[in-house]
Amino acid sequence: MELFEVAQQFGINITPAGIAASLIFSVIGYIVYRFGRKNAHFPTTIIGIILMVYTMFTNDNAVLWGAGIALSFIAYQFMKAVS
């Protein structure tokens, strides 16, 4: 059986857009996490962790991209306020 068929049996929707979103927002989350740790800013660190982890718990591409963009915007606002 192919990997995609096995994943769909477990209710996991694997698409190229989903994989791209997971990669993009995980990298952004890591950058935000490192920034928060470097500047000892707890909310920024938490947003970074959430950006790295939330992609594992969402199956819908619209939710994945929407939440990622919203969290990235919040992280940007926190980073701008700290700098």
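Every listed requirement among (1) in contact with a helix residue (DSSP H, G or I) (Cβ under 6 Å, 6 or more places away or on another chain); (2) modelled with pLDDT under 90; (3) in a helix (DSSP H, G or I) is met by GLU5 save one, (1). Only one of these conditions is not met by ASN59: (1) in contact with a helix residue (DSSP H, G or I) (Cβ under 9 Å, 6 or more places away or on another chain); (2) over 12 Å from SER22 (Cα atoms); (3) polar (S, T, N, Q). Which number is it? Of (1) in contact with a helix residue (DSSP H, G or I) (Cβ under 9 Å, 6 or more places away or on another chain); (2) over 12 Å from SER22 (Cα atoms); (3) polar (S, T, N, Q), only one is false for ASN59: (2).
The values are calculated or read from the model by the stated rules, or taken from the named source; none is laboratory data. Values in this document were obtained by computation on a predicted structure and should not be read as measured data. Methodologically, a virtual Cβ is constructed for each residue, glycine included, from the backbone with ideal geometry; neighbour enumeration extends over all protein chains shown.
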